[in-house]
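Novice: The structure that follows is given in the form of structure tokens.
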Amino acid sequence: MAHMRVFLETERLLLREFTADDVDNLIELDSDPDVMQHITGGLPTSREEIETETMPAFLAYYDRGPGYGFWAVIEKSTGDFLGWFHFRPAEGHPDDEPELGYRLRKAAWGKGYGAEGSRALIAKGFTEFGVRRVLAETMVVHTPSRRVMEKSGMSVSRTFHVDWPYPIPGDEHGDVEYALTREDWERQEAGEALPPQTTTATRSPASGR
């Protein structure tokens, strides 16, 4: 395995840079119809596309400077590849307003890994990279993804409709954008340190689709 750099570590996860050796990991991830349901309607990504488009795009981010990119998720207890997170500005957005997203293997669902990695990326962005606001998007009907965004501290900022290349059940309801500003994140962090009786409940993603 080629040399790789660990970007961050949580209690249970390592997020590291991708290498060319991860092609088969991505193919396996994108071959699960359940994983791809809210992205392509369940269609897999071809090896050719991963080799010629996806992987080069992932690797190119590491030349743009620290802080943003796509990060492979490794389960610390097993060393297994679980999927990826991305944290980078979407097209047309300023550099200090990255979009958070993730795609995880079905075996990793329901364990809190999505929220654990998301919270760590959000904290790193606000404390180390001058991020002003974090965004995330998913389908209105994608309840598990929305739950992760809320557990990560984000709140709904808008609902919108766009044309996607794949018909997916629930498309007619549109997509939802979540957001969290640095100021609100700092208030949440301060609130967690308050005595229990004075702590207020806050809506504490998912690549998008």
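The values are calculated or read from the model by the stated rules, or taken from the named source; none is laboratory data. Keep in mind it's a predicted model, so treat the numbers as computed, not measured. A quick note on method: Cβ atoms are made from the backbone with ideal geometry, for glycine too, and the neighbour counts reach across all protein chains shown.
Novice: Look at D63 and say whether it is closer than 23 Å to D163 by Cα, of a type in the set (D, E) and loosely packed, with under 14 Cβ neighbours inside 10 Å.
Specialist: no
Novice: Follow-up question, since we're still on this one. Test K106 against the stated conditions and say whether it is over 17 Å from T10 (Cβ atoms) and either out of contact with any strand residue (DSSP E or B) (no Cβ under 8 Å at 6 or more places or on another chain) or β-branched (V, I, T) (or both).
Specialist: Working: over 17 Å from T10 (Cβ atoms): yes; either out of contact with any strand residue (DSSP E or B) (no Cβ under 8 Å at 6 or more places or on another chain) or β-branched (V, I, T) (or both): yes.
Yes: the conditions hold for K106.
Novice: Given the options L43, L82, name the one that is touching a helix residue (DSSP H, G or I) at 6+ places or on another chain (Cβ under 7 Å) and over 26 Å from V134 (Cβ atoms).
Specialist: L43
Novice: Condition first: over 16 Å from P66 (Cα atoms) and polar (S, T, N, Q). Now tell me which residues in the range 118-149 satisfy that.
Specialist: Hits for the range 118-149 are S118, T138, T143, S145.
Novice: When E11 is evaluated against the numbered criteria (1) loosely packed, with under 14 Cβ neighbours inside 10 Å; (2) out of contact with any Asp or Glu (no Cβ under 8 Å at 6 or more places or on another chain), which criterion, by number, is the only one it fails?
Specialist: Exception for E11: condition (2).
Each row is one residue, and each column tells you yes or no for (1) surrounded by fewer than 14 Cβ atoms within 10 Å (Cβ to Cβ); (2) among the charged types (D, E, K, R).
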{"position": "R103", "(1), (2)": "no, yes"}
{"position": "E116", "(1), (2)": "no, yes"}
{"position": "A123", "(1), (2)": "no, no"}
{"position": "T127", "(1), (2)": "yes, no"}
{"position": "V134", "(1), (2)": "no, no"}
{"position": "M139", "(1), (2)": "no, no"}
{"position": "R146", "(1), (2)": "no, yes"}
{"position": "M154", "(1), (2)": "no, no"}
{"position": "V162", "(1), (2)": "yes, no"}
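Novice: If you scan the range 12-28, which residues turn out to be in a helix (DSSP H, G or I), aliphatic (A, V, I, L, M) and out of contact with any Lys or Arg (no Cβ under 6 Å at 6 or more places or on another chain)?
Specialist: Across the range 12-28, the qualifying residues are A20, V23, L26.
Novice: OK, next. Quick one: how many residues across the range 88-127 are assigned to a loop (DSSP other than H, G, I, E, B) and touching a helix residue (DSSP H, G or I) at 6+ places or on another chain (Cβ under 7 Å)?
Specialist: Total satisfying the criteria: 1.
Novice: Could you grab me the full set of residues in the range 60-71 that are in contact with a strand residue (DSSP E or B) (Cβ under 8 Å, 6 or more places away or on another chain) and farther than 20 Å from L135 by Cα?
Specialist: Y62
Novice: If you don't mind, there's one more thing I want to ask. More than 15 Å from the chain's Cα centre (by Cα), surrounded by 13 or more Cβ atoms within 10 Å (Cβ to Cβ), at pLDDT 95 or above and of a type in the set (S, T, Y): is that true of S46 in this structure?
Specialist: Values: more than 15 Å from the chain's Cα centre (by Cα): yes; surrounded by 13 or more Cβ atoms within 10 Å (Cβ to Cβ): yes; at pLDDT 95 or above: yes; of a type in the set (S, T, Y): yes.
For S46, the condition - more than 15 Å from the chain's Cα centre (by Cα), surrounded by 13 or more Cβ atoms within 10 Å (Cβ to Cβ), at pLDDT 95 or above and of a type in the set (S, T, Y) - is met.
Novice: Do the conditions hold for E97, that is, is it farther than 20 Å from F18 by Cα and in contact with a Leu (Cβ under 9 Å, 6 or more places away or on another chain)?
Specialist: Here the answer is yes, as E97 does meet what is asked.
Novice: What about L59, is it among the aliphatic types (A, V, I, L, M) and part of a loop (DSSP other than H, G, I, E, B)?
Specialist: no
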